[in-house]
1. Which pairs turn up if I take residues in region A:1-18 that are in a loop (DSSP other than H, G, I, E, B) and look for partners that are among the hydroxyl-bearing types (Ser, Thr, Tyr) with beta carbon separation below 8 Å, at least 6 apart in sequence or on another chain?
2. Condition first: open to solvent by less than 80 Å² (accessible area, probe 1.4 Å), over 23 Å from the mean Cα position of the chain (by Cα), of a type outside the set (Gly, Ala, Ser) and outside the structural domain of C:Glu152 (by TED's automatic domain parsing). Can you find one or more residues in region C:205-220 that meet it?
3. Taking region A:189-207, which residues are closer than 19 Å to A:Lys118 by Cα and among the aromatic types (Phe, Trp, Tyr)?
4. Which members of region B:62-80 meet the condition of being open to solvent by less than 80 Å² (accessible area, probe 1.4 Å), under 29 Å from the mean Cα position of the chain (by Cα) and within 7 Å of chain C (Cβ to nearest Cβ)?
5. Residues in region B:20-44 that are more than 14 Å from chain C (Cβ to nearest Cβ), among the charged types (D, E, K, R) and under 22 Å from A:Ile306 (Cα atoms): how many?
6. Anything in region C:2-30 that is outside any strand (DSSP E or B) and within 11 Å of the ligand (Cβ to nearest atom)? List them, or say none.
7. I'd like to know if region C:48-70 contains one or more residues that are farther than 28 Å from C:Ser293 by Cβ and either more than 9 Å from chain B (Cβ to nearest Cβ) or free of Cβ contacts under 8 Å to residues at least 60 places away in the same chain (or both).
8. Hey, could you check region B:35-71 for residues that are farther than 25 Å from A:Gly193 by Cα and not in a loop (DSSP other than H, G, I, E, B) and say which is nearest to the ligand (Cβ to nearest atom)?
Amino acid sequence: MDLDTPAHEIAGMVSAGMVSAEEVIERTLERMRQTEHLNIFISTNPCAISEARRIDDMVRTGSDPGRLAGVPVSIKDNICTRTMPTTCASRMLEGYVSPYEATVVERLRREGAIIVGKTNLDEFAMGLTTEFSVYGPTLNPRNPRYVPGGSSGGSAASVAAGAAAISMGSDTGGSVRNPASFCGVAGFKPTYGMVSRYGLVSYANSIEQVGPLARTIPDLALAMRVIAGPDPRDGTTAGARPVSDTGDGMDGKRIGIVEQMAPDSLHRGVRAVFERAVSGLESLGAICEAVSLEMVDYSVAAYYTITSTEAGSNLARYDNIRYGYGLDREGYEFHRYVTASRDRFGPEVKRRIIAGGFVPSAGYTGRYFLKALKVKSRLAREVNRLFGTYDYLVSPTVPVPPFRLGEMLDDPVGLFQLDINTVTANLTGKPAVSVPCGTHDGLPVGVQLMADSFRDGPLLGAARALEGIVP
Amino acid sequence: MVTEEEITEMAAMMRITIDDHAEYVDKVQRMLDYFGMLDSAGVDDEEVLAQEVTPAQLRADEHHKYGMGTGDHIRAPRLG
Amino acid sequence: MIGLEIHCQLTGLNSKLFCPCRADYRGMEPNTNVCPVCMGLPGTLPLLNAAAVRSAAAIAMSLNCAPGERLAFFRKNYFYPDLPKNFQITQYDAYGHTSVGGRGVVRLDDRDIRITRVQLEEDPGRLSYEGGADGRATTLVDYNRAGVALVEVVTEPDFEDPRQARDFMNMLADTVESLGAADPHLDGAMRADGNVSVRGGDKVEIKNINSFHDLEKALHFEITRQNSLCDAGRTIVQETRHWDERRRITIPSRTKEAELDYRYFLEGDIPWVAMDDDTVRQIREAMPESVMSRRDRYIQYGIAPQVAAVLAADALCCRLFEESHTDRTAKLIANLITTDFMGVMDTREKRAHSRLQAGHLSALAGAIDGGSITRSQARTILARLSRDGGDMGAMIREAGTSGDLAGVVERVIQEEPEAAERARTNPPTINHLVGMVMRKTRGSADPQETLRLIRKALEE
Ligand SMILES: [Zn+2]
């Protein structure tokens, strides 16, 4: 066994007593120390070894240690854990420890997973480079001068660096798929309502999902089977269904290539990888043809309109009254105290909160928010129509390859354009996966597949087929 | 186009202090201008879609004690 | 004109609107009826209470409101220490009619009161203050109440005077009580905001009215204040004022207009609730009869409309009536309840503790009807029973056999209205009445005393 062994194999070996969970976790912690310079983790689990020993005890006594026995798993630091702080990479939640555990974390632990640490992210998941973190940027393990993507940059880097076999990220507009693409790992955004958000600190709650990252598609499928399903603590999961076993072949499948997501202006390195992937799918018997989704041109504007509105409201609770950090109340009036307390938000978060004030404001309501909801609905209708004919839609995950740290920091609207291929899945609630499909100048490039709602299982099957043809 | 003054007022309403004034104004204005492209999407007649559940899928009215809390008031600054 | 916004806590529920903490927080230590959800901790999600939706829909239907086909929830955003999330989850008809109920009309004493909207929302926490020269240096917050289900009933400005507004609030209290949705007598369970405009001027909102009694007082104060401003030639400006319970006046609110931009938008954590026909039918079938339809049914017994309205509006009195009356005694029992019982026990609290039972009423009515006691004897017995309880059979026997002369006199006058009238205009004919009394008492009555009592009764 080495640290690139897939999770399902690790769990198999631990359950069979071929390797101890303690050894797996020891070696993972060692790898975490070796890769400290990449700034992947915000905190580590001090109890990881003793938790691993408990798994080994279960194996010795013949009780079932679970489907993820001894598998090292990292958790994005906007997902609540009881034994480690949950900071959202913000000074606002410095040292905050949740009194309860997120549903996904509970489900992972119940299956024997060992949570090794909490990973870095853009503050409150607002960004796509992991540079907007109060703990400093995470570096891309494939080349530390490059960004790992974001906002689940720490999660993707942990998996790429062998510091975790599976990671839990959150995907609001591509926050799992984008860093998966940049770090050369697989990342999955489930159908909205498939995975409980209980314990995920909300950024834009109407469109985001918790999603897994892993080195292989079967590991994504394994993680999904563990975390997906209705949760009585999240009312939006009432319609969740089990993730079917994958393995549906590609032969005869119809795949739409979304024109707006692979325009002439597409980066040539990305285009090369993408076209090879499409030919590969055709060689497996899939029928690929160009399709059009006109609303994609407006999708990013609609996406940022909705996310800033929801963020402005979701982040209002951070007023330092019920929990937070020490700030002397003496001499303050309530509203001035709240304003002073909230000075701990970073600049990107502050900008989005202010923009998020305008959008639903009485004077602007019709102008922005309702239009964004209508674009969202129209886009969903367009996508649904395509899924009447096509099994999957395909596109590059991100229109550009990874870029250097600091390169895009000053241009908020320019950065927005990097979301163009990923936000459609969030606005329409559809499942989407990013599959590592090659490199450009040695840097990873991912390809995205999207399917109809609740076809998460078949989508992972298609992703497995695509993964299989990558040289 | 929102004015600098409107941005300052909105920041106050959202309880946000802006330190580098000019930079904030510029970036927020660019964001809102960008949102403005929604005007040309031609979606006025579109119906708003939403996730739906039936009343039977809602939480049953049961009490469970969580066992958190102090027995004391939480102290907040005076209201002006 | 006056419009009302009445908030009613659904105290009949077991849990809060969005979490499993108690709906009835009264008497608990501060911040012990809380959980991560109602404290607004990061990562928590609201879970809509099915019974709250049903209760609120039943209240809306009782007010003749059309139930919303799809219920949506919205966030009302503002910073205040009693809001754990700094927004309140409420309803708002931004994308069509998505609140629990809308556009109803209720008939109240010959007036139509239009109901604008019935909506479901969460109650904030409770604030108190301590310290400093003005006693307000620190705000103390208790979140035990935060997240309790509230039904808000909004009316059009259809009330002409404060008394009507209070009648409406009483009617609503009876409605929620008879539905089992709430106990309106619990402290703070029903609260009202009013808006008042006089002589076509701008409307002024009055907030913070915490009791039925204060509602009328606050509205009176505000009408008087506005009228005197008008008399002095000043214009009324649109504003929000608070009712100061202690000083019994309304005072301008400190909140600035700019703060009133609540930035309403859809709450994505709560899927829209499709109120299918089956659900609506089930709720309707489980609903007890409404106050209005009960009143109309009582009128069918020949009960005077005013009496029927008073009776129908009080849940306890209705129960006594329903369990005691026959077609023959309905009118009599309605009068016994509304004049005698409600006369002695003149508040809901007193009536709730009274010893009177339905069996007492049917026995009393039977005794009056059979002629063994008089109406005024019944009043005396009923008063004693209500206050102290006791053996009613013995009381009736005692009144019937003691030869209570005044009672016999009264009965004779009631039974012989023409003879009584003749005796008034032509005094010598009074002897006919004396004869009637002697016959009823089988000659045992004292003739002089009989004559005196008949004269006295005729003068009344
Ligand atoms: Zn609670």
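1. Qualifying pairs under 8 Å: A:Leu3/A:Thr28; A:Pro6/A:Thr216.
2. Looking for residues that are open to solvent by less than 80 Å² (accessible area, probe 1.4 Å), over 23 Å from the mean Cα position of the chain (by Cα), of a type outside the set (Gly, Ala, Ser) and outside the structural domain of C:Glu152 (by TED's automatic domain parsing), one finds none in region C:205-220, hence no.
3. A:Tyr198, A:Tyr203
4. Of everything in region B:62-80, those that are open to solvent by less than 80 Å² (accessible area, probe 1.4 Å), under 29 Å from the mean Cα position of the chain (by Cα) and within 7 Å of chain C (Cβ to nearest Cβ) turn out to be B:Met68, B:Gly69, B:His73, B:Ile74, B:Ala76, B:Pro77, B:Leu79.
5. Going through region B:20-44 one residue at a time, the tally reaches 5.
6. C:Lys16, C:Leu17, C:Phe18, C:Cys19, C:Pro20, C:Cys21, C:Ala23, C:Tyr25, listed by residue number.
7. No, every residue in region C:48-70 fails to be farther than 28 Å from C:Ser293 by Cβ and either more than 9 Å from chain B (Cβ to nearest Cβ) or free of Cβ contacts under 8 Å to residues at least 60 places away in the same chain (or both).
8. For region B:35-71, the residue satisfying everything is B:Met68.
The values are calculated or read from the model by the stated rules, or taken from the named source; none is laboratory data. Since we're looking at a predicted model, the values are computed, not measured. In this analysis, Cβ positions are derived from the backbone assuming ideal geometry, glycine residues included, and neighbour counts consider all displayed protein chains. In case anyone asks, the SASA skips ligands and DNA or RNA and just uses the protein heavy atoms, side chains included. Shrake-Rupley method; radii C 1.70, N 1.55, O 1.52, S 1.80 Å.
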